[in-house]
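Every number here is computed from the coordinates shown, using simple stated rules; none is lab data. Since this is a predicted model, take the numbers as computed values, not measurements. Cβ atoms come from the backbone with ideal geometry, glycine included; neighbour counts cover every protein chain shown.
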Amino acid sequence: MAKILWLNWSGGGNLPPSLGVARALQERGHTIAFAGRPEMVPRVKTAGFRAIELTRAYEQVDRYPQGTFLTRMSCYLTSPAVEEEVQSVAAAEAPDVAVIDAMFPAALAQAVEFNAPTAVFVHTFVFRQLDMWRGMFARLDGMRREAGFAGLPGLDALWGPRDLIVSTSLAEFDAPAHSGWERVRHAGPVLEDERFAVATPLPRPESDETPLVLVSFSTGFEQRNVDKVQRALDALADLPVHVVATTGSIVAPNEVATPRNAVVLNYAAHDPIMRRAALVITHGGHGTAMRALRHGVPMVVIPGLAGDQPFVAAAVQEFGAGLALPGDADAAAMRKAALTVLGDPSYRTEARRRAEALSRSDGAASAARAVETLLSEAGDRSLAAE
């Protein structure tokens, strides 16, 4: 079967669905190796896949503009040192298919040299936020230029020539497709739990009918925000609810003051909690939002720093499945929104409507089949050339 090289950005919303698709491909007989920054390696190994560390990930970080959460991220995603290492890894691996994270310009810029079909994976909407994607690439490239390096092509030149673009979202949740983007395939959400996210016994029995609220903002260290977690806990402290907050270990439980109606955990599998939840308060990560909708749970969405989160927040509000607040919303605004959503059954009704659509989708299997089409097309081209 096929050798697949996955050039990865291990952001909180990117690696788990990538692992889910890789697992589906592995079950179909393919071998997958992930290549990425050092932080990726233990997570991939824990998931049971081969991990290739890009040792030059931060070699040129001192040349990038300092003092921003984007410094290290931009270096890894765009630097010439990473371009060179990606090229050498691809040459050594000689994959039958290369899968490249949509947020990885340095790898996308080298794809033409891989001598293999390539697929771009977008772990959120494509068309709702295509201009945002373009702006994000321009911003990352601006930091590369400030570092003194030649610029990279824009998004259209990096995504457009690839053989396939796979979105792990539903087409019916995205905006209508744009002309010229016929290679986009919507596979559906891939809601993989990493192995450290284990089922955690909750302090209240299932027979307790008090509404349960899950608070979950991010698992990416770039989005660490102790104050935001505290504001959410303060907002819910005097409400007749039980609260479970998960921090992804980027905020330690002892960094926040936990009210008596709450428990704060580093990690916990979200599915068992969401099955009991009346509300999710979240940053608007695509995976968390889709998981909440799959369980028919309404949301209050308070976007973080990732570019897609305001679009996810807007979609949830557009669906009528929750409310969107600004990223700097204070505890009073969070409390008001939580009371509104908890008090109006229409929000849960609309969330359950989206759950019906998600129940018909197996994103991992659909994405795996899409990757396999590149293998069959490559085989057809080889036969035609003989």
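Computed over the chain, the quotient of the alpha carbon radius of gyration and 2.2 N^0.38 Å is 0.99. Annotation: peptides 237-250, 94-107, ranked by per-residue average of other Cβ atoms within 10 Å with the highest first, follow the order 94-107, 237-250.
What ranking do 251-263, 284-296, 16-28 get when scored by the average of other Cβ atoms within 10 Å per residue, highest first?
284-296, 16-28, 251-263
Between region 1-68 and region 270-320, the alpha-carbon centres lie 25 Å apart.
In summary, the lysines within cross-link reach of residue 45, defined as a Cα separation below 21 angstrom excluding same-chain residues under 8 places away, comprise 3. Here the gap between residue 360 and residue 131, fully extended at 0.36 nm per residue and compared with their Cα-Cα distance, gives a gain of 79.5 nm. The distance between label points at residue 175 and residue 305 comes to 2.5 nm (points 7 Å beyond Cα on the Cα→Cβ vector).
Computed from the C-beta positions of residue 70 and residue 331 and an R0 of 30 Å, the FRET efficiency is 0.60 to the nearest 0.05. Mean projected area of the Cα convex hull of region 212-359, taken over all directions, amounts to 7.5 nm². One quarter of the convex hull surface built on the alpha carbon atoms of region 1-89 amounts to 5.9 nm², the projected area averaged over directions.
Selection among 26, 307, 361 by position relative to the dipole of the chain gives 361 as farthest towards the positive end (Cβ unit charges, Cα centre).
With a cut-off of 19 Å on the backbone N, the residues of region 18-39 near the modelled label site 7 Å out from residue 271 along Cα-Cβ are 18-28. Over all other residues within a Cβ to Cβ distance under 14 Å of residue 277, the charged ones net out to +3, with Lys and Arg as +1 and Asp and Glu as -1. Note on residue 373 and residue 318: their simple-model spin labels are 2.4 nm apart, each label 7 Å out from Cα toward Cβ.
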